[in-house]
Amino acid sequence: MALCDRCQRINVLEIILQSVPPDPSRLADGWTHSDTYASLRSSAVTCSLCSIFLGNDPMNQKVEIDDDDCVKLLPFTRERWPRDESSARHGVPLAGLEVKIGPKGKNAISSVKHVPIWTENDSPEEIRQFMMSRPCGPVGDETIIKRWLRACLRDHPGCRIPTPGVEGTVDEEAVKLPSLVIDIGSAAPFSDPFLVETQGRKGRYAALSHCWGSGKATRTLKGNLRDHMTRIPMGELCANFQHAVEISRKLGFQYLWIDSLCIIQDDGAHWESESAKMAEVYSHASLVLSAANSSSADEGFLKSRRPLKSVTLPFRFLDGTALGHFTIAEQTSDEIYRDDFRNDVEGGPLAKRGWTLQERLLARRNIFFGRDEFHWECRSARWSESTDMRPIRYVDVSAGLAYFRGLPLFGGHDKQGRSQLLNDWYMLVLEFTKRSLTKKDIDMLPALSGMAKVVESAFRAETHTVYCAGLWSHDLPRAVLWKSFGSESGNNTALPGPSWSWISQDARIFPAREEADAVIDISNISWDVALAGTDPHGRVAQGTVTFQGYIKEVPSIKLIHTEDSKRSRSTPYPLSNALVYDHMSQQIGAVVLDDPSDGRVFSQKLYAVPIRHLMSTFQSVREIQALLLREADEGAYRRIGVVDMMGSNANDDHCKDAPFAQPLQVFFYDARKEMIRLV
């Protein structure tokens, strides 16, 4: 369709100037596009841009609009309203136009619709500075990825710094290659790839981060290893792997690393050895390809992009001089306000898989393949294809996680730094346990071992600590006060591992934090962890934590029956699921049981072991957190939950110097002090 006379005269700068309200108490007026809504509707039949302005936005479907209402255009930005022609030079680029419909001459609005505008990456600098958005290219076009990679290599020295705790130096042209890599033959794009045993060879490589999902990921096994060393037919690769080979070749890489092809999947010794090297694999890769929009290996991540209805217009200055072009497109309000980085990267299938947490955080550079655009993340910047190299700024949990790439910042810090690092580790555990693992009984610790290695290196700068099955020795026994949200199914399944560690739970975990809380008269702390393999940060066969402390039998415990058991799993903090009582049947605490469906909890002797003091919300009541234990074999105990026990006013003279406040002082007065061994 052609453009009507009014649409042909659209001038963005003129729209901006006419959108500055003369009176701050009034709404911005804007540039009049159509005198009446009826005329816009009529023109939309033959004018493609009027059709976009009219649109069919679900947000406006139930809005009553009068035919006599006036249609005006205003600019909008993602940060604040522009004020004059030089707004872009002051850091306020336009994101789009606002189509405002309302009664003539009144400070009122009947309907508002937003349409995005963009300019090409090769447009003159004056226009590119003025407009925030850029068009997304064809799905297989690697041009912007190459530009981002060149910019990072040229301008980001922080992205070339070796990761703490990871062996080997970072030379962009020659890092030590993983034991097995896929030779994809960048110079021969139609040849079949094959496995190469590197034997210490150096070079550049890309790595893939992806979801196996329900699809059939192509795997290297003992039986096909020899064949794969000769040839892996492209036609036999699952879609994700085909796309990874295609993109890596376009980016000029000769080598590619993919977990299921470069680790022999039915060779336990090889799997154990290679899974312990995840920190090296992902931090040494020149680029990690993250299949953010693919939930299964056979789904592929280079998907056709949804077409947008759009119109391109000349960009004119106020004197009428034309310079380059810009494009107006049609999107719904939901789409234009959607944060695509957050939606694709934080909310996509890849963000739900356990292994991919460390794959993302260990990578120096990540390219995420989203639903309709690419996204970049490195130690120094975050970019999206639709905004080119304009920095993405937002705060969320993953933004907090991402700064783990700067772990050298923690080196040499005092106790506050150590405490912060410890809390950061537990924040990782909280995020990690939200995610899924296909083989939790095997993968729980290996899927986090790379990050454990890095965090251990940061701790080493100021304190001696040992990694103990997901916890740290210098934080024992306080660290065993983690709480379980319960499994998603509601039926907890015990996993291999000591009961005192969160790795024994198939559930989301809320770790014990706030290192400054006072520990109650506990001494002679020791630990012993027996590994199930060779990785010091990997699977454990068994483990004990032993310390001297108070222990007291709990007379009575009663389960709390909630109408919605899933509610606890959706809350920020675990909800209590049982209550404990003293000999007088007085409630003295609330319990978060590790497994409330375990009937043994209510038929065996139970014991409370006070671990630390907490101050309540009112800062005057002294609370105690205690472990809830049951007897195990040979004089040991197994953890079954955590009890929050409320004391009296901490400022009362009679309890200021007592280890326990009332009524807990009465309850614990005859508590035994002994060596307690947790298994």
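Between MET1 and SER304, take the C-beta separation as r, use R0 = 25 Å, and let me know the FRET efficiency to the nearest 0.05. It comes to 0.55.
Taking each of LYS106/LYS309; LYS277/LYS352; LYS176/LYS216; LYS605/LYS673 in turn, the alpha-carbon distance tops 27 angstrom for LYS106/LYS309; LYS176/LYS216.
Along the Cα-to-C-beta direction of ALA632, a point sits 7 Å from the Cα; which residues of segment 538-555 have their amide N less than 14 Å from that point? Residues 540-547 fall inside that zone. Computing FRET efficiency as 1/(1 + (r/R0)^6) for ASP319 and GLU172, where r is the C-beta to C-beta distance and R0 is 45 Å, gives about 0.40.
Please compute the length gained on full extension between LYS558 and THR46, using 0.36 nm multiplied by the number of residues separating them and subtracting their Cα-Cα distance.
Roughly 177.0 nm would be gained on extension.
Each residue, GLN542 and ASP67, gets one label point 7 Å from its Cα in the Cβ direction; the gap between the two is 8.7 nm.
Efficiency by 1/(1 + (r/R0)^6): what FRET value for MET427 and ASP29, r their Cβ-Cβ distance, R0 = 41 Å, to the nearest 0.05? Before the final figure, lay out the partial values.
On the way: r = 48 Å, r/R0 = 1.17.
The calculated FRET efficiency here is 0.30.
Annotation for GLN18 and SER523: the two label points, set 7 Å from Cα along the Cα-Cβ direction, are 8.4 nm apart. Summing Lys and Arg as +1 and Asp and Glu as -1 over all other residues whose Cβ lies under 9 Å from the Cβ of PRO498 gives a net charge of +2.
What net charge is computed for the residues neighbouring ARG672, neighbours being all others with C-beta under 11 Å from the C-beta of ARG672, Lys and Arg scored +1, Asp and Glu -1?
-1
Modelled spin labels at VAL666 and ASP441, positioned 7 Å past Cα toward Cβ, are 4.8 nm from each other.
Computed from the coordinates by the stated procedures, all read-outs in this text should not be read as laboratory data. All of these numbers come straight from a predicted model, not from anything done at the bench. Backbone-built Cβ (ideal geometry, glycine too); neighbour counts: all protein chains shown.
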